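Asks: First the structure, which I've put down as structure tokens, then a few questions once you've had a look.
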Amino acid sequence: MKAAELFDLSGHVAVVTGAASGLGLAIAQVIAANGGRVAMLDIDEGKLKQAAAAIDEAGGAVETFSVDIAEAGKVESVVDAYAERYGRLDCVFANAGVSGGPGYGKPEGELEAASMELWDACLRVNLDGAFRTIRVAAKHMKPRRQGSIVVTSSVAALHASALPSYGYHAAKAGIAQVVRVAALELGPHNVRVNAIAPGPFRTNIANGRMHTPEGAAAFADTVPLGRLAELDEIKGLALLLASPASTYMTGAIIPIDGGTQA
Ligand SMILES: NC(=O)c1ccc[n+]([C@@H]2O[C@H](COP(=O)([O-])OP(=O)(O)OC[C@H]3O[C@@H](n4cnc5c(N)ncnc54)[C@H](O)[C@@H]3O)[C@@H](O)[C@H]2O)c1
């Protein structure tokens, strides 16, 4: 089989949350570039419109929806309407996320100082919001016995570190476990559920900490490849999981991390 056929998303209908920026934008770009139709969801309407306009200009089929995935019923109603409009839902990337502040490497991230407000905000988006997204995806995929759900977890689900917050570690580990359970439940329905576990990518997360020389160096020092990842470097794995190339993969938490798990 030719690579073009194995990774072809023609006619596929996809949803990506957190699609205005960073990993979600790169994921929306690669799906659109390979023939998929993408609903781009994000809380930041301005950035979302700009991001979608660039994909649209390049010939991609995208639509935008301004949504807070943590707000009860919002992601559900957008995904319901989108899937019903096209009569199918092939892949959903539950990707939107927030950092929840620094880890214990900074005084304000230490156990006794860590803000419970940031803890709550982090869990609301990274755990509750991702769970909502997974649930509504499953609802539309099960009856058609087809679909791929991909959650953006983190290497923070796989090992502990001083850099991300306690809340971030908890939420990303929690959602990774949800992915495993959902893979068991949905396997008999031929719906696949996987997580990607990125190491440090140069995105806007954590108030742009990855774009500062100190922030970038702190993260790059933890990586055997010795550098942050660039956005394009998520595209191969995202396309693999969205496409027919991965039809026997489910329940996996897949690091894409420059070697930190080694
Ligand atoms: N960048 C990294 O190094 C890294 C590493 C591991 C995991 N991740 C995860 O990758 C995912 C994407 O983050 P990123 O690094 O691309 O950061 P980013 O800040 O560039 O993108 C995150 C996007 O999610 C959106 N968002 C935030 N809260 C939302 C909400 N409640 N509803 C809808 N949209 C919301 C933001 O507006 C933004 O566009 C997150 O889940 C993050 O935790 C990132």
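Asks: Could you tell me the distance between the Cα centroids of segment 165-207 and segment 81-159, to the nearest Å?
Replies: After rounding, the separation between the Cα centres reads 7 Å.
Asks: When ligands, DNA and RNA are left out and all protein chains stay put, how many square angstrom of accessible area per residue does segment 1-68 have with a 1.4 Å probe?
Replies: 43
Asks: To the nearest 10 degrees, how steep is helix 22-33 against the longest Cα principal axis of the chain, on a 0 to 90 scale?
Replies: Long axis of 22-33 versus the principal axis of the chain: about 20 degrees.
Asks: Near Lys49, which lysines are there with a Cα under 23 Å away, not counting those fewer than 8 places off in the same chain?
Replies: Result set, ordered by chain and number: Lys74, Lys235.
Asks: Mind checking the dipole of segment 3-256: about its Cα centre, +1 per Lys or Arg Cβ, -1 per Asp or Glu Cβ, Debye to the nearest 20?
Replies: Around 720 debye, computed over segment 3-256.
Asks: Starting from 0.36 nm per residue, how many nanometres of slack lie between Val181 and Arg88 once their C-alpha separation is accounted for?
Replies: Here the answer is 31.1 nm.
Asks: Another question, then. Could you list which residues have their amide H under 5 Å from that of Ala195, counting only those 5 or more apart in sequence or on another chain, with H placed in the peptide plane?
Replies: Hits under the 5 Å cutoff: Val151, Ala252, Ile253, Ile254.
Asks: Taking only protein heavy atoms into account and a 1.4 Å probe, give the accessible area per residue of segment 118-262 in Å².
Replies: 44
Asks: Applying 1/(1 + (r/R0)^6) with R0 = 22 Å to the Cβ-Cβ distance of Glu230 and Ala33, what FRET efficiency is obtained, to the nearest 0.05?
Replies: 0.85
Asks: I'd like the carbon and sulfur percentage of the solvent accessible area for segment 3-256, probe radius 1.4 Å, heavy atoms only, ligands and nucleic acids excluded.
Replies: Carbon and sulfur atoms account for 56 percent of the accessible area of segment 3-256.
Asks: Please give the contour-minus-distance gain from Ala162 to Ala4: 0.36 nm per residue of separation, less the Cα-Cα distance, rounded to one decimal in nm.
Replies: Extra length from Ala162 to Ala4 when fully extended: 52.7 nm.
Asks: State the Cα centre-to-centre distance between segment 31-78 and segment 209-262 in whole Å.
Replies: 22
Asks: Now for a separate question. Taking only DSSP H segments of four or more residues, each worth -39500 (n - 2.57), what value at 222 nm results for the chain once the sum is divided by all its residues, to the nearest 500 deg cm²/dmol?
Replies: -11500 deg cm²/dmol
Asks: Could I ask something else about it? For the chain, how big is Rg over Rh, using alpha carbon atoms and the Kirkwood form of Rh?
Replies: Reported Rg/Rh (Cα atoms, Kirkwood Rh): 0.95.
Asks: Related question: Using only protein heavy atoms and a 1.4 Å probe, report how much of Asp56 is accessible, in Å² to the nearest 10.
Replies: 90
Asks: How much length would be gained if the chain were fully extended between Ala217 and Glu45, taking 0.36 nm per residue of separation minus their Cα-Cα distance, in nm to one decimal?
Replies: 58.8 nm is the gain from fully extending Ala217 to Glu45.
The values are calculated or read from the model by the stated rules, or taken from the named source; none is laboratory data. Quick caveat: nothing in here was measured; it's all calculated off a predicted structure. Here Cβ is always computed from backbone atoms with ideal geometry, including for glycine, and neighbour counts include all displayed protein chains. For accessibility, only protein heavy atoms count, side chains too; no ligands or nucleic acids. Shrake-Rupley method; radii C 1.70, N 1.55, O 1.52, S 1.80 Å.
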